[in-house]
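Q: Below: one structure in structure tokens.
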Amino acid sequence: MPDRPSRPMMPSVILETERLRLRAFVDSDIDDVYLLQADPDSQRWVPLPWPGAPYTRADAERWCRENGPALRTSGGGQHWAAAERDTGRLVGAFGLLRTDWQAMATELGYTLAPWARGRGYATEAAVAVSLWAIDQGFQRVELKAATANTASRRVAERSGFTFEGIERSAMPLHEGRTDLACYSLIPADLER
């Protein structure tokens, strides 16, 4: 049986937008990551660390110090801490995951802090990350959101993603399973 080709490591980059700096997670982010991920609205849509388990400060430490960086070095994706350029305060976590190097496809995922919602930060960061991925040669960036998660679905639409359909019972949540609305962005979309 032939060896599987190795997955390239994602480059370590900082992305900047008008109001945000997307950078690697650092130890000073741990408390904000904990508050962000343990927030009931975040937990409603993102089953971290796994369905039914509470999110702890130790989970946030592991994310900032181990899991986030390991995703990049393994070639599985890349995660950024999105911080306000003016204050440095963490506003969210944005990343590429489930990267398929043969198909040059990846998925954009994110969580926004309660103190940052309703300010357009999610769309601003989603555009920056997805454009960066396409600039790196990716031919497809996917974004999936629970069908009832209207805020995330609006981010997908405002970021230029095209709605493709529904994946039924596709994701376990803390309170059962959910259907996912699937969106995509491809290089040809940028020409419109």
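Q: Within region 117-136, how many residues are of a type outside the set (A, V, I, L, M, F, W, C) and touching a Phe, Trp or Tyr at 6+ places or on another chain (Cβ under 9 Å)?
A: Matching residues across region 117-136 total 1.
Q: Can you pull out the residues in region 132-179 that are in a strand (DSSP E or B), aliphatic (A, V, I, L, M) and more than 17 Å from Gly95 (Cβ to Cβ)?
A: Of everything in region 132-179, those that are in a strand (DSSP E or B), aliphatic (A, V, I, L, M) and more than 17 Å from Gly95 (Cβ to Cβ) turn out to be Ala146, Ile166, Ala170, Leu173.
Q: Something else about it: Just the residues that are out of contact with any Gly (no Cβ under 9 Å at 6 or more places or on another chain), assigned to a strand (DSSP E or B) and either buried (at least 23 other Cβ atoms within 10 Å of the Cβ) or of a type in the set (Gly, Ala, Ser) (or both), please, taken from region 99-110.
A: Ala105
Q: Examine region 76-92 for a residue that is β-branched (Val, Ile, Thr) and more than 17 Å from Arg7 (Cα to Cα), and state whether such a residue exists.
A: yes
Q: Right, another one. Given the condition touching a residue at least 24 places away in the same chain (Cβ under 8 Å), assigned to a loop (DSSP other than H, G, I, E, B) and touching a Leu at 6+ places or on another chain (Cβ under 6 Å), answer yes or no: does some residue in region 111-122 qualify?
A: Yes, the conditions are met somewhere in region 111-122.
Q: Just name the residue that is surrounded by the fewest Cβ atoms within 10 Å (Cβ to Cβ) out of those in region 154-183 that are more than 20 Å from Gly120 (Cα to Cα) and within 16 Å of the chain's Cα centre (by Cα).
A: Applying the filter and picking the extreme gives Met171.
Q: Please identify the pairs in which a residue from region 127-153 that is touching a residue at least 60 places away in the same chain (Cβ under 8 Å) and open to solvent by less than 30 Å² (accessible area, probe 1.4 Å) has its Cβ atom under 6 Å from the Cβ atom of a residue that is of a type in the set (Ser, Thr, Tyr) and part of a helix (DSSP H, G or I), counting only partners at least 6 apart or on another chain.
A: Close Cβ pairs satisfying both conditions: Ala145/Ser152.
The values are calculated or read from the model by the stated rules, or taken from the named source; none is laboratory data. Owing to the predicted nature of the structure, the values given are computational and were not obtained by experimental measurement. Glycine also receives a Cβ, built like all others from the backbone with ideal geometry; neighbour counts cover every protein chain displayed. Heavy atoms of the whole protein, side chains included, go into the accessibility calculation; ligands, DNA and RNA do not. Shrake-Rupley method; radii C 1.70, N 1.55, O 1.52, S 1.80 Å.
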